[in-house]
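Take a look at the structure set out below.
The values are calculated or read from the model by the stated rules, or taken from the named source; none is laboratory data. It should be emphasised that the depicted structure is a prediction, and the values quoted were computed from it without experimental measurement. With ideal geometry, Cβ positions are generated from the backbone for all residues, glycine too; neighbour counts draw on all protein chains shown. Side chains are part of the model used for accessible areas, which takes the heavy atoms of the whole protein and leaves out ligands, DNA and RNA. Shrake-Rupley method; radii C 1.70, N 1.55, O 1.52, S 1.80 Å.
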Amino acid sequence: MSAGGDTLDKLVVFLAKRDGIDKLVKTFQYVSKLAHWGAESSRPEFAKRAKSWETASGLSRKAFRSGRFLTGFNNLRRAPPGEFGALAVLANAGEMVYFFFDHFTWLARAGVLEPWLARRSSFISAFGESVGYVFFIAMDLVMIRRGLRQERKLLMREAGAGKGADREKELRRIRVDRVMRLMATAANAADLVICIAEVEPNPFCNHAVTLGISGLVSAWAGWYRNWPS
């Protein structure tokens, strides 16, 4: 009973976050995309409903992202100096462009702005998103490498009196951070595939199965990272 209650408590906290609800609706979006692809030839009526669910989910996710470009702008202001800071600037600049132009895509598709704006703003948004993902992946790989070096040093160091517990605590912190960064890398790589389908369409990236699986990998990695521990 308590385990079920704990899970429900965590779900409530998860869905109270902007990222939490985004990952839930993103799951709906890409499950319905795969359902549409699977049923398009055999069950056209069901496929039509799945397509409507996909479209509604994608549009509602854009509404949830209102104002989120300010996060990227704020991160730009606080970017650390040095080489790593350059990666952070490029990553957050790309993300800021993505979220800013996403507003115009949303408004155009909702019928508030001219429909022709949707295609243009979607391209700019996806291009900025692609740039951001490349540098976010680079940052995470750099930090994973640093963590591995720290872990090796700690494992080689003999545990002194009273220091064994501190070392185990630090090792655990490094390993948890590595898992989270691997999840972020998986999500960013999957989203990068979706961006490429928009910026440079090709048969592989634009296939419904590729897009569907990529979207679900990104969504579920986001579930893992945002789920309350």
Failed condition for ALA197, given (1) exposed (fewer than 15 other Cβ atoms within 10 Å of the Cβ); (2) small (Gly, Ala, Ser); (3) under 30 Å from GLY132 (Cα atoms), with all others met? (1)
Does VAL209 satisfy the condition of being part of a helix (DSSP H, G or I), free of Cβ contacts under 8 Å to residues at least 24 places away in the same chain, under 25 Å from VAL134 (Cβ atoms) and of a type in the set (Val, Ile, Thr)? no
For the structure I just gave you, tell me whether ALA56 is touching a Gly at 6+ places or on another chain (Cβ under 7 Å) and either modelled with pLDDT of 90 or more or small (Gly, Ala, Ser) (or both). no
Looking at this structure, is LYS48 out of contact with any strand residue (DSSP E or B) (no Cβ under 8 Å at 6 or more places or on another chain), part of a helix (DSSP H, G or I) and closer than 25 Å to ALA221 by Cβ? no
Which ones in region 112-142 are more than 17 Å from GLU95 (Cβ to Cβ), open to solvent by 30 Å² or more (accessible area, probe 1.4 Å) and either part of a helix (DSSP H, G or I) or of a type in the set (A, V, I, L, M) (or both)? VAL112, LEU113, TRP116, LEU117, ARG119, ARG120, LEU141, VAL142
Give region 196-227 a look and list any residue that's hydroxyl-bearing (Ser, Thr, Tyr) and in contact with a Phe, Trp or Tyr (Cβ under 9 Å, 6 or more places away or on another chain), or say none. THR210, SER214, SER218
Given (1) modelled with pLDDT under 90; (2) open to solvent by less than 40 Å² (accessible area, probe 1.4 Å), index of the condition ASN75 fails: (2)
